[in-house]
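This report refers to the structure that appears directly beneath it.
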Amino acid sequence: MNASIDPPHPQAAGLRIGDTAPNFEARSTVGPVRLSDFRGNWLILFSHPADFTPVCTTEFIELAKAASEFDMRDCALMALSVDSLFAHFAWLRMIRDRFDIEVRFPIVEDPTLVIGRAFGMVAPGDNDSATVRSTYFIDPSGTIRAMTCYPANVGRSTSEMLRTLDALQAIDADGGLAPANWGPGEKLLRAPTVDLDEVYSAKDETSWFLREKGAKTK
């Protein structure tokens, strides 16, 4: 079964934050999967250049170790590459036997690049997805909330993936803005005022736009 997009989606669409993630159906290491089956929970969909490669192997080991951390946040993981299902199986067997860790989240096969092109991971003329590591943070409504793209020779940071997920969930729960280096338990920022009187009456030159959530301007 080749992967399919439902409905058909333009190639290399150049998805942006706020877009609905294209639905697809494909074979994976845990059986057939549909992206729409993950609605109601968070999902991180990420591509990897190829099985049996050094950086990808380290990524999958670390993500498998952190799988329970994502589960605690009601977030599923799903990987994707052009490699065949049986290549995925052989790679996961090697990881288990060599590093004593089982990768249980689904790895999707995309040999025709139909999913990669629908998500804009690859350009129309590309024959493989070996140049980039794309990641999509998809919320329970199916909306893309954040994206990252790393080169093939730089691995992702599992801790930063968790921090990004925590920040997205925190602003959904409490409103506000997540500042630089924000971490769980730290305060969010308030959105700046759009009232000129509040700007003029603020106690100093920054408190009308740079303030922690719950802080007053006066």
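Is there a residue being of a type in the set (Val, Ile, Thr), assigned to a loop (DSSP other than H, G, I, E, B) and over 22 Å from residue 67 (Cβ atoms) anywhere in the stretch 157-180? First the steps, then the outcome.
Filtering the stretch 157-180 down to residues of a type in the set (Val, Ile, Thr) leaves 158, 164, 171.
Applying the additional criterion that residues be assigned to a loop (DSSP other than H, G, I, E, B) yields none.
For the stretch 157-180, residues of a type in the set (Val, Ile, Thr), assigned to a loop (DSSP other than H, G, I, E, B) and over 22 Å from residue 67 (Cβ atoms): absent.
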For the stretch 1-51, what are the residues that are polar (S, T, N, Q), modelled with pLDDT of 95 or more and under 16 Å from residue 135 (Cα atoms)?
20, 23
Out of 133, 93, 98, sole residue that is in a strand (DSSP E or B) and either in contact with a strand residue (DSSP E or B) (Cβ under 8 Å, 6 or more places away or on another chain) or free of Cβ contacts under 8 Å to residues at least 40 places away in the same chain (or both):
133
Quick one: which of 110, 139 is crowded, with 17+ Cβ neighbours inside 10 Å and under 14 Å from residue 50 (Cβ atoms)?
110
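Going by the conditions given, is residue 192 surrounded by fewer than 17 Cβ atoms within 10 Å (Cβ to Cβ), at pLDDT 90 or above and farther than 21 Å from residue 74 by Cβ? Before you say what the answer is, go through the steps one by one.
On the way: surrounded by fewer than 17 Cβ atoms within 10 Å (Cβ to Cβ): yes; at pLDDT 90 or above: yes; farther than 21 Å from residue 74 by Cβ: yes.
Here the answer is yes, as residue 192 does meet what is asked.
Any idea which residue in the stretch 52-90 is modelled with the lowest pLDDT, counting only those that are part of a loop (DSSP other than H, G, I, E, B) and under 25 Å from residue 152 (Cβ atoms)? Spell out the reasoning first.
Step one: filter the stretch 52-90 for residues part of a loop (DSSP other than H, G, I, E, B), giving 52-53, 66, 73-74, 82-84.
Subsequent filtering for residues that are under 25 Å from residue 152 (Cβ atoms) retains 52-53, 66, 82-84.
Details: 52: 96, 53: 95, 66: 98, 82: 89, 83: 93, 84: 94.
Restricting to residues being part of a loop (DSSP other than H, G, I, E, B) and under 25 Å from residue 152 (Cβ atoms), the top hit is 82.
The values are calculated or read from the model by the stated rules, or taken from the named source; none is laboratory data. As the structure is a prediction and not an experimental result, all values here were calculated from the model. Reconstructed Cβ throughout: ideal geometry from the backbone, glycine too, with neighbour counts over all protein chains shown.
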